[in-house]
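Participant: Below you will find the structure I want to go over with you.
The values are calculated or read from the model by the stated rules, or taken from the named source; none is laboratory data. Everything quoted here is computed from the prediction, not taken from an experiment. Note that each Cβ is placed from the backbone with ideal geometry, even for glycine, and that neighbours are counted across all protein chains shown. Accessible surface is based on the protein model in full, side chains and every heavy atom, while ligands, DNA and RNA are left aside. Shrake-Rupley method; radii C 1.70, N 1.55, O 1.52, S 1.80 Å.
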Amino acid sequence: MSASVTGMEIELIAHATEDLDKVLQAAKAVLPPGAEVKVRFKVKNFKGHHGNPIRLIRARIRDRELAQAVFEHIISGLPEEDRLKLLAGLRRRMSGGSLYLRLDKQQAFLGRLRLCASDPIWIKISFSSSKAEEIREAIRRAAGP
């Protein structure tokens, strides 16, 4: 048995040196075709440690079918090497019934999904189960044949 996706949060930062439209384009790249009209990204303005402007971009997906479709798009869009890395370190990326991913913002802007550690698109995927094996199976199913 595998867990089903119950919701999702997507967050990323647009630094003062970045074009907000391009950062939003990168955020929308994690969505399957047609989903960008169903997901609304909100932008909040903050000041950084040195007074520099920072914009936090956030979207919440509560619709289970849409969240499942986004999850499948992300997982199937990752290169096999990244999916294997995700499965190998799954427990480190989980807390309760949530899976946390960091996707490369620059690569997403170019239309490629990749895991990364710095300046990421943060994704929190909520599942119907907190069991690692059920989430692992959901990832395998989403990856396709």
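Participant: From the list SER98, SER130, exactly one residue is exposed (fewer than 15 other Cβ atoms within 10 Å of the Cβ) and either touching a helix residue (DSSP H, G or I) at 6+ places or on another chain (Cβ under 7 Å) or of a type in the set (Ser, Thr, Tyr) (or both). Which is it? If you could, list the steps in order and put the result at the bottom.
Facilitator: Numbers: SER98 fails: exposed (fewer than 15 other Cβ atoms within 10 Å of the Cβ).
Only one candidate qualifies: SER130.
Participant: For residues that are of a type outside the set (A, V, I, L, M, F, W, C) and either under 13 Å from the mean Cα position of the chain (by Cα) or under 14 Å from ALA142 (Cβ atoms) (or both), tally how many sit in the range 80-103.
Facilitator: Within the range 80-103, the subset of a type outside the set (A, V, I, L, M, F, W, C) is 80-83, 85, 89, 91-93, 95-98, 100, 102.
So of that shortlist, the ones also either under 13 Å from the mean Cα position of the chain (by Cα) or under 14 Å from ALA142 (Cβ atoms) (or both) come out as 80, 82-83, 93, 98, 100, 102.
Qualifying residue count, the range 80-103: 7.
Participant: Can you give me the number of residues within the range 46-72 that are on the phi < 0 side of the Ramachandran plot and at pLDDT below 95?
Facilitator: Within the range 46-72, the subset on the phi < 0 side of the Ramachandran plot is 46-50, 52-72.
Still in the running and at pLDDT below 95: 46-50, 52-54.
So the answer is 8.
Participant: Within the range 1-31, track down each residue that is more than 24 Å from ALA69 (Cβ to Cβ), among the acidic types (Asp, Glu) and either in contact (Cβ under 8 Å) with a residue 12 or more places away in the chain or open to solvent by 100 Å² or more (accessible area, probe 1.4 Å) (or both).
Facilitator: ASP21
Participant: Name the single residue, out of those in the range 101-110 being part of a helix (DSSP H, G or I) and among the hydrophobic types (A, V, I, L, M, F, W, C), that is surrounded by the fewest Cβ atoms within 10 Å (Cβ to Cβ). Break it down into steps so the answer makes sense when it comes.
Facilitator: Let us first name the residues in the range 101-110 that are part of a helix (DSSP H, G or I), namely 105-109.
Checking which are among the hydrophobic types (A, V, I, L, M, F, W, C) leaves us with 108-109.
Numbers: ALA108: 24, PHE109: 19.
This residue is PHE109.
Participant: Here are LEU84, LEU113: which of them is at pLDDT 95 or above and either outside any helix (DSSP H, G or I) or surrounded by 15 or more Cβ atoms within 10 Å (Cβ to Cβ) (or both)? Step through it out loud before you land on a result.
Facilitator: On the way: LEU84 fails: either outside any helix (DSSP H, G or I) or surrounded by 15 or more Cβ atoms within 10 Å (Cβ to Cβ) (or both).
Testing whether each residue is at pLDDT 95 or above and either outside any helix (DSSP H, G or I) or surrounded by 15 or more Cβ atoms within 10 Å (Cβ to Cβ) (or both) leaves just LEU113.
Participant: Only one of these conditions is not met by GLY96: (1) of a type outside the set (Phe, Trp, Tyr); (2) at pLDDT 95 or above; (3) closer than 15 Å to MET8 by Cα. Which number is it?
Facilitator: Failing condition for GLY96: (2).
Participant: In the range 32-55, which residues are loosely packed, with under 11 Cβ neighbours inside 10 Å, part of a loop (DSSP other than H, G, I, E, B) and of a type in the set (Lys, Arg)? So that I can check it myself, show each step before the final result.
Facilitator: First pass over the range 32-55, keeping only residues loosely packed, with under 11 Cβ neighbours inside 10 Å: 33-34, 37, 40, 42, 44-47, 49-51.
Checking which are part of a loop (DSSP other than H, G, I, E, B) leaves us with 33-34, 40, 49-51.
Result: ARG40, single match.
Participant: Here is a further query. Among the residues that make up the range 59-66, is at least one of them open to solvent by less than 60 Å² (accessible area, probe 1.4 Å) and touching a strand residue (DSSP E or B) at 6+ places or on another chain (Cβ under 6 Å)? Talk me through it step by step, then tell me what you get.
Facilitator: Let us first name the residues in the range 59-66 that are open to solvent by less than 60 Å² (accessible area, probe 1.4 Å), namely 59, 61, 66.
The next check asks that each one be touching a strand residue (DSSP E or B) at 6+ places or on another chain (Cβ under 6 Å); those that pass are 59, 61.
Yes: one or more hits.
Participant: Right, next: Starting from the range 44-69, keep only residues that are in contact (Cβ under 8 Å) with a residue 40 or more places away in the chain and of a type outside the set (Gly, Ala, Ser), then list their pairs with residues that are surrounded by fewer than 13 Cβ atoms within 10 Å (Cβ to Cβ) and part of a loop (DSSP other than H, G, I, E, B) whose Cβ atoms are within a distance under 8 Å, requiring at least 6 positions of separation or different chains.
Facilitator: ILE54/ALA16; ILE54/GLY48
Participant: Next question, about the same structure. When you go through ILE135, ILE121 one by one, which is the residue that is under 20 Å from ALA29 (Cβ atoms) and β-branched (Val, Ile, Thr)? Can you show your working first?
Facilitator: Values: ILE135 fails: under 20 Å from ALA29 (Cβ atoms).
Of the residues listed, the single one that is under 20 Å from ALA29 (Cβ atoms) and β-branched (Val, Ile, Thr) is ILE121.
Participant: Also, I was wondering about something else. All but one of (1) surrounded by 14 or more Cβ atoms within 10 Å (Cβ to Cβ); (2) over 24 Å from LEU20 (Cβ atoms) hold for ILE123, so report the exception by its number.
Facilitator: Against the list (1) surrounded by 14 or more Cβ atoms within 10 Å (Cβ to Cβ); (2) over 24 Å from LEU20 (Cβ atoms), ILE123 comes up short only on (2).
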